[in-house]
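Peer 1: The structure's right below; bear with me while I get my questions together.
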Amino acid sequence: MLREELAAGYYQPLPEQLRRSNGVYPLEFEGRFAAAMAFSERSVDLLPLRTSMTAKLTDDGAELTVTTDGPATAHALEIALRDEPDVAGAAPLGDGRYHLGDDAAAITAAGTTVRVALHGATGAAPAPQYHPGEAYTFLDGTDAVGGTRLYATWSSPGTVTVGLRRT
């Protein structure tokens, strides 16, 4: 089992006595981004997100179960595939990306087909539009995975199980 807990700050308004009429505040780095928002002067509420993932091997494949617990938000599990497989039963998003919906998808490469079925996924959550963040884009870079990618989407708190079966 893999587990992770992250917490991000939700910043409260500046206390009235610290507000500036001109709206100009010092530039500060918050840990995720830099902004002229006087982070050090604001109270902050930490919002935790707990994620766990288990993998169970079966005779014909595997089951991956991802559970998220925290504020209500959309999630996506990205499954990266090597080579350029044929993908059937998933909605194409362009650039080698596919959204897995309520129906099973079939992935075929090198004469082998794997059936991908979801349980607990909403299908309605938007498939991700990845943005690498200012730490990469100001250098015109990215840390995004290339190639063919499948996305299972759901909302937290929630659980999604991805069944991978060789057919």
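The values are calculated or read from the model by the stated rules, or taken from the named source; none is laboratory data. Since this is a predicted model, take the numbers as computed values, not measurements. Note that we place each Cβ from the backbone using ideal geometry, even for glycine, and neighbour counts take in every protein chain shown.
Peer 1: What is the residue count in segment 57-106 for residues that are hydrophobic (A, V, I, L, M, F, W, C) and closer than 17 Å to G146 by Cβ? Break it down into steps so the answer makes sense when it comes.
Peer 2: As a first pass, look at segment 57-106 and keep what is hydrophobic (A, V, I, L, M, F, W, C): 57, 62, 64, 66, 72, 74, 76-77, 79-81, 87-88, 90-91, 93, 100, 104-106.
With closer than 17 Å to G146 by Cβ added as a condition, the list becomes 76, 79-81, 87, 93.
Going through segment 57-106 one residue at a time, the tally reaches 6.
Peer 1: Between A76, A72, A62, which is in the same structural domain as D143 (by TED's automatic domain parsing) and more than 14 Å from the chain's Cα centre (by Cα)?
Peer 2: Details: A76 fails: more than 14 Å from the chain's Cα centre (by Cα); A72 fails: more than 14 Å from the chain's Cα centre (by Cα).
The unique qualifying residue is A62.
Peer 1: Here is a follow-up. If R20 passes every condition in (1) at pLDDT 95 or above; (2) closer than 27 Å to A144 by Cβ; (3) charged (D, E, K, R); (4) not assigned by TED's automatic domain parsing to the domain that holds A144 but one, which one does it miss?
Peer 2: Status for R20: all satisfied but (2).
Peer 1: Looking only at segment 131-157, count every residue that is at negative phi, in contact (Cβ under 8 Å) with a residue 40 or more places away in the chain and either in a strand (DSSP E or B) or more than 14 Å from the chain's Cα centre (by Cα) (or both) and tell me the total.
Peer 2: Of the residues in segment 131-157, the ones at negative phi are 131-132, 134-139, 141-146, 148-157.
Those left that are additionally in contact (Cβ under 8 Å) with a residue 40 or more places away in the chain: 134, 145-146, 148-157.
Filter once more, keeping what is either in a strand (DSSP E or B) or more than 14 Å from the chain's Cα centre (by Cα) (or both): 134, 146, 148-157.
So the answer is 12.
Peer 1: Of all residues being among the aliphatic types (A, V, I, L, M), in a loop (DSSP other than H, G, I, E, B) and in contact with a strand residue (DSSP E or B) (Cβ under 8 Å, 6 or more places away or on another chain) in segment 96-111, which is nearest to R165 (Cα to Cα)? Just the residue, please. Break it down stepwise before answering.
Peer 2: Step one: of segment 96-111, the residues among the aliphatic types (A, V, I, L, M) are 100, 104-107, 109-110.
So of that shortlist, the ones also in a loop (DSSP other than H, G, I, E, B) come out as 100, 104, 110.
Narrowing the set further to residues that are in contact with a strand residue (DSSP E or B) (Cβ under 8 Å, 6 or more places away or on another chain) leaves 100, 104.
Details: L100: 15, A104: 11 Å.
Filtering segment 96-111 for residues that are among the aliphatic types (A, V, I, L, M), in a loop (DSSP other than H, G, I, E, B) and in contact with a strand residue (DSSP E or B) (Cβ under 8 Å, 6 or more places away or on another chain), the one nearest to R165 (Cα to Cα) comes out as A104.
Peer 1: Considering L93, L77, L118, which residue is within 14 Å of T159 (Cβ to Cβ), in a strand (DSSP E or B) and free of Cβ contacts under 8 Å to residues at least 60 places away in the same chain?
Peer 2: Of L93, L77, L118, the one residue that is within 14 Å of T159 (Cβ to Cβ), in a strand (DSSP E or B) and free of Cβ contacts under 8 Å to residues at least 60 places away in the same chain is L118.
Peer 1: Oh, and also: Evaluate the following for T51: is it among the polar types (S, T, N, Q) and either surrounded by 15 or more Cβ atoms within 10 Å (Cβ to Cβ) or touching a Cys at 6+ places or on another chain (Cβ under 6 Å) (or both)?
Peer 2: Working: among the polar types (S, T, N, Q): yes; either surrounded by 15 or more Cβ atoms within 10 Å (Cβ to Cβ) or touching a Cys at 6+ places or on another chain (Cβ under 6 Å) (or both): yes.
The answer is yes for T51.
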